[in-house]
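Undergrad: Here it is, the structure in full.
The values are calculated or read from the model by the stated rules, or taken from the named source; none is laboratory data. If you're wondering where the values come from, they're calculated on a predicted model, not measured in any experiment. Positions of Cβ are generated from backbone atoms using ideal geometry, with glycine treated the same way; all protein chains shown enter the neighbour counts.
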Amino acid sequence: MKKKKIIDSEIKKRDFASGGEVSSKLKSLLRKLGVNNKDIRRTSIITYELEMNLIIHSEGGKLKAFIDTEEIIIVSDDNGPGIKDIDRAFEPGYSTATDDIRELGFGAGMGLNNVKRFSNDIEVESKPGEYTKLKAIITIEK
Amino acid sequence: MKLKEIKEHLNLKEIYEIPNKVDIDVTTACGADLMSDVLAFSNAKTMLITGLTNPQVIRTSEMIGIKIVIFVRGKNPVKETIELAKEKEILLYMTEKPMFEACGILFNLGVKPEKMVKIE
């Protein structure tokens with residue numbers, strides 16, 4: 001069954017003022033679609049972490065969400081700078097964030113961990129200097 | 001524990017309150033200055049105690065269904081934070097107490113931590 005695209009948004013580099021708007025929109029859409037609260041919450045966490053990652057770390061990119069009756073797919077697709085060591089990026093506490101980011105309460109090296117923890121499956125693909133593409137799959141509980 | 005009782009014990013100053021919501025029952029809470037730590041909790045209806053005052057605190061709360069945010073150490077949030085809280089109907093309070101003391105008082109009153117989901 002083909003999934004329906006429900007979010008396709010441009011996320012700008014360092015646009016902290018809008019941080020969370022796309023995740024908030026997705027949360028409302030999922031509620032309207034009648035998805036259960038537990039899966040809405042974990043999808044919201046995943047999307048928000050990815051949205052903030054795009055703002056904090058990337059050169060800008062896109063956040064997309066797809067849904068059918070079985071699962072929700074969140075895709076974060078950016079224009080760089082890419083992740084040199086993907087395994088390290090998933091280590092709890094590992095972060096490349098600067099102090100100004102930490103002052104905002106982010107950059108503690110737990111973001112991707114949360115994405116992994118609340119997803120049923122994730123796929124990451126990255127080329128240093130070029131891009132990072134992350135796909136998070138959330139199976140909808142019946 | 002009702003929110004109105006917590007208000008007395010922590011001597012909370014209202015920043016944004018919806019009067020008919022002070023009867024909310026608060027059974028669990030979390031205290032953190034790192035938003036990813038807050039997002040590690042996936043259960044709903046938590047109270048957040050934090051020293052951060054930027055709008056991302058409200059966004060983070062919205063994502064996991066937190067209804068009440070308490071700012072510690074006499075910190076007042078910026079205007080944008082208050083505006084967003086009003087839009088999302090998230091109650092905001094401030095206490096002069098530091099984080100450790102505020103959390104300790106709540107814990108003694110019977111407000112408990114939430115169970116964290118394990119990383120597989």
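Undergrad: Pick from A:GLU91, A:GLU103, A:GLU123: which is closer than 15 Å to A:ILE138 by Cα, surrounded by fewer than 14 Cβ atoms within 10 Å (Cβ to Cβ) and of a type in the set (Asp, Glu)? Let's see the steps before the verdict.
TA: Numbers: A:GLU91 fails: closer than 15 Å to A:ILE138 by Cα; A:GLU103 fails: closer than 15 Å to A:ILE138 by Cα.
Testing whether each residue is closer than 15 Å to A:ILE138 by Cα, surrounded by fewer than 14 Cβ atoms within 10 Å (Cβ to Cβ) and of a type in the set (Asp, Glu) leaves just A:GLU123.
Undergrad: Please enumerate the residues belonging to region B:47-101 that are touching an Asp or Glu at 6+ places or on another chain (Cβ under 6 Å) and either under 21 Å from A:GLU51 (Cα atoms) or at pLDDT below 95 (or both).
TA: The answer is B:LEU52, B:PRO55, B:LYS88.
Undergrad: For A:ILE45, which of the numbered conditions (1) in contact with a helix residue (DSSP H, G or I) (Cβ under 7 Å, 6 or more places away or on another chain); (2) more than 14 Å from chain B (Cβ to nearest Cβ); (3) aliphatic (A, V, I, L, M) fails to hold?
TA: Checking A:ILE45 against (1) in contact with a helix residue (DSSP H, G or I) (Cβ under 7 Å, 6 or more places away or on another chain); (2) more than 14 Å from chain B (Cβ to nearest Cβ); (3) aliphatic (A, V, I, L, M), the one that fails is (2).
Undergrad: For B:VAL78, which of the numbered conditions (1) over 13 Å from the mean Cα position of the chain (by Cα); (2) free of Cβ contacts under 8 Å to residues at least 24 places away in the same chain fails to hold?
TA: Among (1) over 13 Å from the mean Cα position of the chain (by Cα); (2) free of Cβ contacts under 8 Å to residues at least 24 places away in the same chain, the lone unmet condition for B:VAL78 is (2).
Undergrad: Which ones in region B:28-42 are over 12 Å from the mean Cα position of the chain (by Cα) and touching a residue at least 40 places away in the same chain (Cβ under 8 Å)? Don't jump to the end; show me each part of the working.
TA: The first filter runs over region B:28-42 and keeps only residues over 12 Å from the mean Cα position of the chain (by Cα), leaving B:34-37, B:39-42.
Hits for region B:28-42 are B:ALA40, B:PHE41, B:SER42.
Undergrad: Return a yes/no flag: does region A:19-38 have any residue that is away from chain B (no Cβ under 14 Å), within 15 Å of A:LYS135 (Cα to Cα) and either outside any helix (DSSP H, G or I) or hydrophobic (A, V, I, L, M, F, W, C) (or both).
TA: no
Undergrad: One residue is enough: does region A:49-56 have a residue meeting the conditions touching a Phe, Trp or Tyr at 6+ places or on another chain (Cβ under 8 Å) and away from chain B (no Cβ under 12 Å)? Let's see the steps before the verdict.
TA: Initial filter on region A:49-56 (touching a Phe, Trp or Tyr at 6+ places or on another chain (Cβ under 8 Å)): A:52, A:55-56.
Now narrow it down to the ones that are away from chain B (no Cβ under 12 Å): none.
The answer is no; no qualifying residue exists.
Undergrad: Yes or no: B:LEU91 touching a residue at least 40 places away in the same chain (Cβ under 8 Å), more than 21 Å from A:ILE45 (Cβ to Cβ) and either buried (at least 18 other Cβ atoms within 10 Å of the Cβ) or in contact with a Phe, Trp or Tyr (Cβ under 6 Å, 6 or more places away or on another chain) (or both)?
TA: Values: touching a residue at least 40 places away in the same chain (Cβ under 8 Å): yes; more than 21 Å from A:ILE45 (Cβ to Cβ): yes; either buried (at least 18 other Cβ atoms within 10 Å of the Cβ) or in contact with a Phe, Trp or Tyr (Cβ under 6 Å, 6 or more places away or on another chain) (or both): yes.
So B:LEU91 fits the description; yes.
Undergrad: Okay, moving on. Failed condition for A:ASP8, given (1) closer than 26 Å to B:ILE66 by Cα; (2) not in a loop (DSSP other than H, G, I, E, B), with all others met?
TA: Exception for A:ASP8: condition (1).
Undergrad: Quick one: is B:ILE18 touching a Lys or Arg at 6+ places or on another chain (Cβ under 9 Å) and either surrounded by 13 or more Cβ atoms within 10 Å (Cβ to Cβ) or on the phi < 0 side of the Ramachandran plot (or both)?
TA: For B:ILE18, the condition - touching a Lys or Arg at 6+ places or on another chain (Cβ under 9 Å) and either surrounded by 13 or more Cβ atoms within 10 Å (Cβ to Cβ) or on the phi < 0 side of the Ramachandran plot (or both) - is not met.
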